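To start, the structure itself, in structure tokens.
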Amino acid sequence: MSVAPWPQVDINGELERAEREFLHTNGAGAYSMSTLALLHTRRQHGLLVAALNPPLGRHVVLSHTDTIVTTIKRSYRLSSYRFPNIAPTPGYRFLRTFSQDPLPRFSYRLGKSDFEITLALTRGHNALVMAYRWLGKNPVKVSVRPLLAMRPSNVLAREHGAMLQRVSLRQGEVEIQPVSSLPPLIIKHPGVFMGSPDWWRRFEYSEDQRGGVDFEEDLWTPGAVEFEFAPGQHQFITFGLERLPPMSAEQCLEDAKQHLLALDPGDNHVQSVRSLSIAADHFRADLAPRPAVIAGYPTLAEVTRDTLVALPGLYLSSDRIDAAQAVLRGVIALCQDGLLSQGRREDGSAMPEVTVDGSLWLFDVARRLAQKTSLSNPFIKNELYPCLRGIYARIASAPDHVVWPRADGLLVNTSLHTALTWMDSRAHGEIQVPRRGIAIELQALWNAALHTLAVLAAEYGDREFALKLQAERAAHTQAFKSRFWCKRTNYPYDCLDQGDAGHLDDAAIRPNAVVALAVEPELFDSWQAIRILDVAKEKLVTPRGLRTLEPEHSAYVGHYDPGLDERHTSYHRGAVWAFLLGSYARALLRVHPDDFELQVDLRQLLEEAATDGPVLGHVAQVAGGEPPHLPGGCPAVAWSVAEIWRTLKDDLRL
């Protein structure tokens, strides 16, 4: 029998059990995120992280609420913080369970009675509802003190004298605008607001400290809300940036609850599919004025490559066609002189750098969208096809300063300043895994792009152009087959020297050959495909994804170090990436479509990769190359979730 997808963790006052994180979003870029103890470990953690330019412009508005419950016998401070040189404040010791069924709920044991706090972001609004419930025998008093950061999510606040301390009081409401550059925060409450503006100093964030960046912050409070309520009664506090939501607190909770419940595909699916179907929704910012995919929480924004790799799983697998097309409109708008921008900054502007492989992934998405709808889909014909032609024209107009096809058709990339492949990570301004020349996965993407564009051109009446593309693809296929197989390793080269001498050909065993096989299997003979998968299984596949480099290589780094410099050098020198499991599974099922035992093993691999991430129900960006493959990088990532979910749901039909 399938297990319900709603996680519950028994904390029972043990901090180690409460160190995992939860994530809750509003469908338009805003989020709540912290550890289960509400002990923030990252600067991006907060109860209300608002999207001022939805889905981006994210600011930590409400960081904490310092909550004190006073019963007849004693007072209980429920909040947990970390300050310098002392143990964390002990609010977590009262935390009995954390449940996300479907809303985040914290159950505290106070003496012999329970006190519950439930969080709910208002769908599509920068607003948070906190619901309180007391299950004791006698009335209690509660004090809730908001601790405000009022700053962009990637910076830290420091005490300063410019915080405006004006507070507007109305019946049951408080309006505060401590920072003139940000909208006011309105608090709707059931009690009395007691003004006592002050700074609380030197909160520490342990994950930032481990990452080698600043990790101390000061937070400002305007005062506290105090109220009483009887046993079994619910009380609500609503925090709204600029305005309160247009519905009651109870309606906000119910709306958020029903949305999440509807995401569960039901008990006819395995638990991992049900859990990932809920996780996938966190990355879909469909309610924003400009719908988009958030690449990862809490550190990633809109990344073109990640969006296009994740989109089939996030949208097409569940037939969200209109929403997928709305996201793709935003991607098409990022086209700069024929290539797509790498993504968007927090202010919504396009990044100046272009992405070559991201541009080519758009062809793969177009093919999948056509399979889901039809070649006559007006969006594909009138909006997507012209963009694809523009990308082709930019690349085909050799020579180019970024990428171009040489005489035999192979795609050459030589730029030192452009993100040509997904392995281009920088430290101190330098590419850590330089793959200049002729990268294998770019060839597969280009070959598939030529085919997709030829099919579309023929469908739309441009037969001469279609024939030209077919001829270019045939020449490219022949050149690929003659150059890319390395006889010494019996595995494809990862990257060829742009010349023909071959002195700088890179024969390192990396997962990019698996990606190429998944994207364009026609580039390989059947025996080559089998060999690629066998080598990948032996040297690259782990329970958390695929290594980025074989362990025997001299440059291999078997651990992922969160330090600021070290992580960039290990990202692609052995670190494990979960999203690569999608390509591995796609290739494996094509080569061995009728092998039932293989499918059982693949299911076990994917389900293991989908469990026990840093964030409940999510899959992290990377993990260490050696056991126990500790997770690292961004803790909740769109393409990690989407590729594993798509494979389990669509390919394995679970």
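Side notes on the structure shown:
- Of Lys257/Lys372; Lys73/Lys188; Lys468/Lys649; Lys381/Lys649, pairs whose Cα-Cα distance is over 32 Å: Lys468/Lys649
- Computed from the alpha carbon positions, the gyration tensor of the range 438-479 leads to an equivalent ellipsoid with semi-axes of 21, 10, 5 Å, biggest first.
- Taking 7 Å steps out from each Cα toward its Cβ at Glu228 and Ser113 produces label points 1.2 nm apart.
- Rounded tilt (10° steps) of 356-372 against the dominant C-alpha axis of the chain: 90 degrees
- Judged by the ratio a/c of the largest to the smallest principal axis of the C-alpha gyration tensor, the range 504-625 counts as oblate, that ratio being 1.5 or greater while a/b is no larger than b/c.
- Relative frequency of Cα-Cα separations exceeding 19 Å in the range 251-398, percent: 56 percent
- The magnitude of the dipole of the chain, with charges of +1 and -1 set on the Cβ of Lys/Arg and Asp/Glu and taken from the Cα centre, is near 1240 debye.
- From most to least packed by mean Cβ count within 10 Å, the peptides 528-534, 287-293 give 287-293, 528-534.
- Against the main long axis of the alpha-carbon atoms of the chain, helix 321-332 sits at an angle near 80°.
- Computed with every protein chain present, the accessible area of Ser554 is close to 120 Å² [probe 1.4 Å].
- Charge-dipole axis of the chain as Lys and Arg at +1 and Asp and Glu at -1 on Cβ define it, positive-most pick from Ile186, Gln271, Gly313: Ile186
- Centre separation in Å (Cα based) which lies between the range 509-564 and the range 1-77: 37 Å
- Listed by chain and number, the lysines whose alpha-carbon sits under 23 Å from that of Lys539, ignoring those within fewer than 8 places in the same chain, are Lys487.
- Each Lys or Arg adds one and each Asp or Glu takes one away; over the other residues whose Cβ falls under 12 Å from the Cβ of Tyr556, this sums to +1.
- Helix-only mean residue ellipticity at 222 nm for the chain, each DSSP H run of n ≥ 4 adding -39500 (n - 2.57), per residue, nearest 500: -9000 deg cm²/dmol
- Rounded to the nearest 20 debye, the dipole magnitude of the range 279-406 is 380 debye, with +1 charges on Lys and Arg beta carbons, -1 on Asp and Glu beta carbons, and the Cα centre as origin.
- Applying the criteria of a DSSP loop state and at most 10 other Cβ atoms within 10 Å to the chymotrypsin sites (Phe, Trp or Tyr not before Pro) of the range 166-251 yields no site.
- Gyration tensor (alpha-carbon) shape descriptor, the range 431-586, a/c threshold 1.5: prolate
- Prolate/oblate/rounded label for the range 157-299 (Cα gyration tensor, a/c 1.5): oblate
- Restricting the range 58-110 to chymotrypsin sites (Phe, Trp or Tyr not before Pro) that sit in a DSSP loop and have at most 10 other Cβ atoms within 10 Å of their own Cβ leaves nothing.
- Rounded percent of accessible protein surface that carbon and sulfur make up, the range 252-366, 1.4 Å probe: 50 percent
- Net charge, Ile237 excluded, C-beta distance under 15 Å - Lys, Arg +1, Asp, Glu -1: -2
- FRET efficiency estimate (nearest 0.05) - Cβ-Cβ, Ala333 to Val155, R0 22 angstrom: 0.20
- Solvent exposure ordering (accessible area, 1.4 Å, most first) of Ser99, Ser206: Ser206, Ser99
- Which labelled figure in (1) 46, 29, 24; (2) 47, 25, 23; (3) 47, 37, 21 is semi-axes √(5λ) of the Cα gyration tensor in Å, once derived from the coordinates: (2)
- Excluding exposed DSSP-loop GluC sites (Glu not before Pro) (at most 14 other C-beta within 10 Å), longest clean stretch of the chain: 160-551
- Inter-centroid distance (Cα atoms) of the range 599-644 relative to the range 92-133, Å: 27 Å
- Taking the longest Cα principal axis of the chain as reference, the axis of helix 526-539 is set at about 40 degrees.
- The chain, relative contact order in percent, only Cα pairs under 8 angstrom and at least six apart counted: 11 percent
- Probing with 1.4 Å while keeping every protein chain in the model, the per residue accessible area of the chain equals 39 Å².
- Sum of side-chain charges, Gly13 neighbourhood, beta-carbon under 13 Å (Lys, Arg +1; Asp, Glu -1): +1
The values are calculated or read from the model by the stated rules, or taken from the named source; none is laboratory data. Because the structure is a prediction, the values reported are computed rather than measured. With ideal geometry, Cβ positions are generated from the backbone for all residues, glycine too; neighbour counts draw on all protein chains shown. Note: areas computed on protein heavy atoms with side chains; ligands, DNA, RNA excluded. Shrake-Rupley method; radii C 1.70, N 1.55, O 1.52, S 1.80 Å.
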